[in-house]
Amino acid sequence: MGTPAVTAAETAERPRPGLPPGLQAGRLAQAAGFHRDPLGYLRSARDELGGTFTLNLAVAGPMVVFTDPAVIGEVVELPHEAGDAGAARRRIVQLISERSVLGADRDEHRVARARLLPAFEASVVDARRDVMTRIAESHVADWPAGRPFRVLPRMRRIVDEVFARLVIGIRDDERARALATGTYRMLFTPGNPPVPPPGEHAGLVGAAGKALFERRKQPAASVLAAEIEERRARGAIADGGIDVIGAMLQANPDQPTEEMVDELLPLLMAGQEPAAAGLTWILDRLARSPGLAGHFVSSPPDDPLRTATVREALRLRPAVHSVARRLSEPRVIGGYELPAGAVTNVPIVLVHRDPGAFPDPDDFRPERFLERDLDELPYLPFGGGPRMCLGRWLARAEIGTVIPAILHRLELEPVLSETERMVVRGTVLVPHRSCLMRAHAR
C-alpha cells in the first residue's frame, strides 16, 4: 500500500521539530545587544523572525522566546514537573544556590517556598507598613537637595534595610545596619554595565567576577550566620513577629547554619534588585506627572487611579525582564516540538507592549487599567504560574509606603527630558544612568 497523502492543512498543523529560527549574530553580540537595550533588541528580533524565535546569549545560551499572548500561558503556567524555573534562572544568574527558593525546582522548590511563605503573607507584610514608612523617611532625610543624584542606589539602601529588619527579621539595630550595608556592597557595580553576571561559564572574566563576589558576600554571610546562631542559642524562633529566619528555624531546626546562609543570600539579592528597580521606575514616572504624583500621595492605597498608575508604570518598565522555564521533558509549545532541556522564555518587557492588548503601547495611559479586566491582559510584573513572585505582597507594601514617604517630603525633577533606557542587570531591568533626579524640599 502507498503512503497516505498529507494535506496542506495537516502539514501546517504538524509541530515543527527543533528550535525556531534565530538571529545570525554571534552569542557575544546578541548578549551585548540584549543587555544594552532589551526592548529595542527584542522588538527587532520579533520584526525579523516573527513572534517565536531563538535568542542565543553568551553565558545563558539559547532560549526560545515566545511573544504571542495566545501562547505565553503555555510557558508561564507549566507545572513544576514539566518546567524548571530554578534551572532556567541559574543559567542567567549562575551565582544562585540550588537550595534557595530562587534556584530550586520541583519538590525542593515546594519545600523551600512553603517554609518562607509565612513571612511573605499579605497580612504579615501589611502589619509592618508603618515601620517601612519610618525607614524610608529616615533615608530620604539625607537625600541631596538641588543637585543631580542617582535614585536607584538610594532605593537600594531603603529596600535593603526594609528587608533586613522586617523580612529577614534582624531586630538589633547595629546588626540590621550591617546586613543592609553588606547586601548593598555585595551587589554593587559601578553603573549598570551591559554584561552578564559572573559565573562558571563566563570564561576568565566570569571567574574573576565570581571570586570578587565570594569576597563581597562574606560580610552579609557573617551577619546572617551570627543571627542564626544567636537565635538557636536563645531558643528564639521569631522575635516580635513572623520572619524568614524564624520560619526556617521552625521548619527545620537542625539545618546547618552554612546551608541556611546559602539559601538566604539569593533571597537578599531578590529582595534588593527587583524591588529597588520597580520603585525607581514608578518614582520616575510620577516625577514626570506632577498631577498624578499629587493624587498618589493624597489618595488611599486602594484608590483605582493610584492602582492603575502603578500598573501602567510597571507595564512600561517592569522590574524583571522575562519568565523562563527549562523543559524537563519534550513538549510542543507554539507549534514547535521542543526537546527536554530547552529553555523557554516569555519576555515581559516585550509582551507588555503588545499593541493588540495595549493600543498605543509606548504611551503612558493609566486609564487603560480602569477600562479593562486585568485577567484579560498579558500582564506579568510578578511573573505567574506556580513560580509567581514570593515577594509580590512585600513589593506592593513598599510601593504604598516608600513612594509616599519620598513625595511627601520632596518634589522630584528628572534631569533628562526622556525616561532613561532600560538595561539588563541579571534578570532585572534598571535605568541605564540609574535615574538622575534633582530634589527640592516641599
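FYI, it's all coordinate maths here, none of it is from the lab. Here the structure is a predicted model, which means the values were calculated and not measured. Reconstructed Cβ throughout: ideal geometry from the backbone, glycine too, with neighbour counts over all protein chains shown.
Could you work out how far apart the two model spin labels at R106 and R216 are, taking each label as a point 7 Å from the Cα in the direction of the beta carbon, and quote it in nm?
Going by the 7 Å Cα→Cβ label model, 3.4 nm.
Can you work out the FRET efficiency for the pair E98 and V131, with r the C-beta to C-beta distance and R0 = 45 Å, to the nearest 0.05?
Details: r = 33 Å, r/R0 = 0.74.
Efficiency computed from Cβ-Cβ geometry: 0.85.
Going by C-beta contacts inside 10 Å, put L166, L377, L224 in order with the fewest on the left.
Numbers: L166 25, L377 18, L224 28.
Listing L166, L377, L224 from fewest to most nearby Cβ atoms yields L377, L166, L224.
Show me the three semi-axes of the equivalent ellipsoid for segment 20-441, from the C-alpha gyration tensor (sqrt of 5 times each eigenvalue), largest first, rounded to whole Å. Before the final figure, lay out each step's value.
Values: eigenvalues 190, 158, 86 Å².
So the three semi-axes of segment 20-441 are 31, 28, 21 Å.
Can you bin segment 298-339 into rounded, prolate or oblate? Criterion: square roots of the alpha carbon gyration tensor eigenvalues sorted a ≥ b ≥ c, rounded for a/c under 1.5, prolate for a/b above b/c, oblate for the rest.
On the way: a/c = 4.08, a/b = 3.83, b/c = 1.07.
Prolate is the answer for segment 298-339, as a/c is 1.5 or above and a/b outweighs b/c.
For segment 1-147, what does the alpha-carbon gyration tensor say about shape, rounded, prolate or oblate, given a ≥ b ≥ c as the root eigenvalues, a/c under 1.5 as rounded, and a/b over b/c as prolate? Could you put the intermediate results ahead of the total?
Numbers: a/c = 2.57, a/b = 1.70, b/c = 1.52.
Note, shape of segment 1-147 comes out prolate.
What is the set of long-range amide H partners of L57 at a cut-off below 5 Å, with H atoms built 1.01 Å from backbone N?
Those qualifying (amide H under 5 Å, at least 5 residues apart or on another chain) are M63.
Where is the GNM fluctuation largest for the chain (alpha-carbon springs, 10 angstrom cutoff): A112, A226, A293?
The residue with the greatest mean-square fluctuation here is A226.
Where nothing but the Cβ of Lys and Arg (+1) and of Asp and Glu (-1) is charged, how large is the charge dipole of segment 327-442 around its Cα centre, in debye to the nearest 20?
On the way: 14 positive and 16 negative charges, 120 e Å.
Here segment 327-442 has a charge dipole of around 580 debye.
Just how large is the dipole of the chain about the Cα centre, in debye to the nearest 20, putting +1 at every Lys and Arg Cβ and -1 at every Asp and Glu Cβ?
Numbers: 56 positive and 57 negative charges, 249 e Å.
Using Cβ point charges on Lys, Arg, Asp and Glu, the chain gives about 1200 debye.
Which order do the peptides 77-88, 358-369 take when ranked by the mean count of other beta-carbon atoms within 10 Å per residue, highest first?
Values: 77-88: 19.7, 358-369: 15.2.
So the order, starting with the most tightly packed, is 77-88, 358-369.
Evaluate the relative contact order of segment 325-442 (contact order divided by residue number), counting alpha-carbon pairs under 8 angstrom at least 6 apart; express in whole percent.
Details: 91 pairs, mean separation 17.3, N = 118.
About 15 percent, as a whole number.
For helix 392-409, what angle does its Cα long axis make with the longest principal axis of the chain, in degrees from 0 to 90 and rounded to 10?
Between the helix axis and the principal axis of the chain, the angle is about 50 degrees.
What list of ³J(HN,Hα) couplings, whole Hz, do you get for segment 261-267 from phi and the Karplus terms 6.51, -1.76, 1.60, once you set θ to phi - 60° and write x for glycine and proline?
Values, residue by residue: 4, 4, 6, 6, 4, x, 5 Hz.
Once you keep just the Cα pairs under 8 angstrom separated by 6 or more residues, what percentage relative contact order results for segment 385-442? Write out the running numbers ahead of the final one.
Working: 42 pairs, mean separation 20.6, N = 58.
It comes to 36 percent, rounded to a whole number.
A342's amide H: which non-local residues (gap 5+, or another chain) put their own amide H closer than 5 Å, with H modeled 1.01 Å from N in plane and none for Pro or chain starts?
Amide H neighbours of A342, under 5 Å, 5+ apart: L327.
Counting pairs of alpha carbon atoms under 8 Å apart in space and at least six apart in sequence, what relative contact order in percent does the chain give? Don't skip to the end; give the middle numbers.
Details: 711 pairs, mean separation 119.0, N = 442.
Reported relative contact order: 27 percent.
Per residue of segment 354-360, what does 6.51 cos²θ - 1.76 cosθ + 1.60 with θ = phi - 60° give for ³J(HN,Hα)? Whole Hz please, x for Gly and Pro, Karplus curve as stated.
5, x, x, 8, 10, x, 6
What is the set of long-range amide H partners of L429 at a cut-off below 5 Å, with H atoms built 1.01 Å from backbone N?
So L429 has HN proximity to V320, H321.
Test of understanding: ordering V343, V297 by Cβ neighbours within 10 Å, fewest first, what list do you get?
Values: V343 24, V297 16.
Fewest-to-most ranking of V343, V297: V297, V343.
Using only DSSP helix segments of four residues or longer, with each worth -39500 (n - 2.57), what per-residue ellipticity at 222 nm results for the chain after dividing by its residue count and rounding to 500? Intermediate results must be reported in sequence, preceding the final value.
On the way: 18 runs with 219 residues, N = 442.
Calculated from helices alone, the mean residue ellipticity at 222 nm is -15500 deg cm²/dmol.
Quick check on packing: order 378-384, 16-22 by the mean number of other C-beta atoms within 10 Å, highest mean leading. Don't jump to the answer; show the numbers that get you there.
On the way: 378-384: 21.1, 16-22: 14.4.
My ranking of the peptides, most packed first, is 378-384, 16-22.
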